[in-house]
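The values are calculated or read from the model by the stated rules, or taken from the named source; none is laboratory data. Remember, predicted model here, so these are calculated numbers, not experimental data. Note that we place each Cβ from the backbone using ideal geometry, even for glycine, and neighbour counts take in every protein chain shown. Protein only, heavy atoms only, side chains kept; ligands, DNA and RNA dropped before computing areas. Shrake-Rupley method; radii C 1.70, N 1.55, O 1.52, S 1.80 Å.
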Amino acid sequence: MSSLDDKGREGARPPGAPPSEDTAPPSGKALRFAIIAFGICVGSGLVTAVMMRYVTHELTGMGPAPLAATAAVAAPVAPVSHKPRVSNALTYAADGSGHFFIDGSINGAPVHFLLDTGATFVSLSPEDAAAAGISAGSLQFTEATNTANGVAHVARTSLRSVRLGQLEVTDVTAMVMDKPMPFSLLGMSFLSRVDGYSIRDGVLTIEW
């Protein structure tokens with residue numbers, strides 16, 4: 001019994017004795033630290049919330065930049081000019097019989113033309129061809145054509161230049177007649193190479 005009583009007395013704590021380390025409550029210093037840390041966390045959260053509301057308010061109040069300000073700093077756009085194209089033109093008046101005689105040149109040599117819209121090619125008299133430097137020996141009169149004076153033999157050639165005033169057309173297909181003609185014919189192998197031509201009220205207009 002004495003041993004049990006001794007153990008009981010050893011486990012018992014005398015009245016007024018301080019608690020053991022195993023059951024001692026937290027010290028006052030640790031409690032104060034926990035309270036301060038909690039206060040810091042709460043305060044930091046409140047400050048962050050206030051700052052977020054302020055930034056959101058400022059950004060919302062700014063809104064998108066006004067269009068007028070953007071337009072004010074934009075570089076001016078130069079207006080686009082759409083000028084109509086101005087064509088060059090030659091005009092010729094018909095003679096008393098309604099024909100159009102036109103002075104021009106072939107390969108630099110002067111030629112007196114008669115306009116013939118029914119002729120497929122420019123047609124040269126032997127004399128005008130020789131003046132333009134086309135040698136008769138280089139021509140082969142192997143083709144035939146109908147003329148007002150009957151069937152004539154012609155030789156095909158290419159003209160380096162046909163000029164009327166300021167208008168010049170190069171590499172024009174032509175026919176050289178084997179018989180004399182009073183004038184050469186200005187046909188469609190030339191007229192088809194310009195922008196257009198028209199006859200109105202006795203006036204021929206050629207545009208290019």
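When you scan segment 151-195, how many residues do you find that are basic (Lys, Arg) and touching a residue at least 60 places away in the same chain (Cβ under 8 Å)? The qualifying residues number 0. Inside segment 86-119, residues that are surrounded by 11 or more Cβ atoms within 10 Å (Cβ to Cβ), small (Gly, Ala, Ser) and in a loop (DSSP other than H, G, I, E, B) make up a count of 4. The set of residues in segment 140-178 being small (Gly, Ala, Ser), open to solvent by 30 Å² or more (accessible area, probe 1.4 Å), more than 17 Å from Leu90 (Cβ to Cβ) and at pLDDT 90 or above consists of Ser158 alone. Scanning segment 179-199 for residues that are assigned to a strand (DSSP E or B) and surrounded by 14 or more Cβ atoms within 10 Å (Cβ to Cβ) yields Ser184, Leu185, Leu186, Tyr197, Ile199.
Evaluated against (1) of a type in the set (Ser, Thr, Tyr); (2) in contact (Cβ under 8 Å) with a residue 60 or more places away in the chain; (3) under 12 Å from Asp178 (Cβ atoms); (4) open to solvent by 70 Å² or more (accessible area, probe 1.4 Å), Ser123 falls short on exactly one condition, (4). Of the strands (runs of 3 or more DSSP E) contained entirely in segment 120-177, those carrying at least 2 residues that are of a type in the set (Gly, Ala, Ser) fall at 150-164.
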